[in-house]
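Worksheet for the structure shown next.
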Amino acid sequence: MSHGYITEAEMRELLRDAFARDPEKSFLANVGRNVSDPAMPRDANNRRRIHPLWLTLGLVSLFVVAVFLYFSFVQ
């Protein structure tokens, strides 16, 4: 490959090769990659870190359910 301009056909071929090599073909691996933190996906012990927005959404949802259950059953 030269360091000059590439043609449209060469770019298509390069993109086909790049997308064909996608290592995460399983659904669960894809979900795990999308749920992990984009800034630091792994911690020091090589465990996945959850995305802060998903964590916040989960905590707010848990709080809403707790408030609903409290006011529904404790009158």
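Would you mind getting the accessible area per residue of the chain, heavy atoms of the protein chains only, 1.4 Å probe, in Å²? Don't skip to the answer; put the middle values down first.
Values: 7090 Å² over 75 residues.
Using a 1.4 Å probe on heavy atoms only, each residue of the chain averages 95 Å².
Helices of the chain meeting both criteria, an alpha-carbon length of 24 angstrom or more along the long axis and an average Kyte-Doolittle score not below 1.6, with helices taken as full DSSP H segments, are 52-73. At full extension, Phe19 and Ile50 could sit 8.6 nm farther apart than now, given 0.36 nm per residue minus the alpha carbon distance.
Leaving ligands, DNA and RNA out of it, report the carbon-plus-sulfur percent of the accessible area of the chain at a 1.4 Å probe.
Working: 4720 of 7090 Å².
It is 67 percent, rounded to a whole number.
Average 1/r across all pairs of distinct alpha carbons in the chain, invert it, and you get the Kirkwood radius: 16.8 Å.
The values are calculated or read from the model by the stated rules, or taken from the named source; none is laboratory data. For clarity, every value in this text was computed on a predicted model and none was experimentally measured. Only protein heavy atoms, including side chains, enter the accessible area calculation; ligands, DNA and RNA are left aside. Shrake-Rupley method; radii C 1.70, N 1.55, O 1.52, S 1.80 Å.
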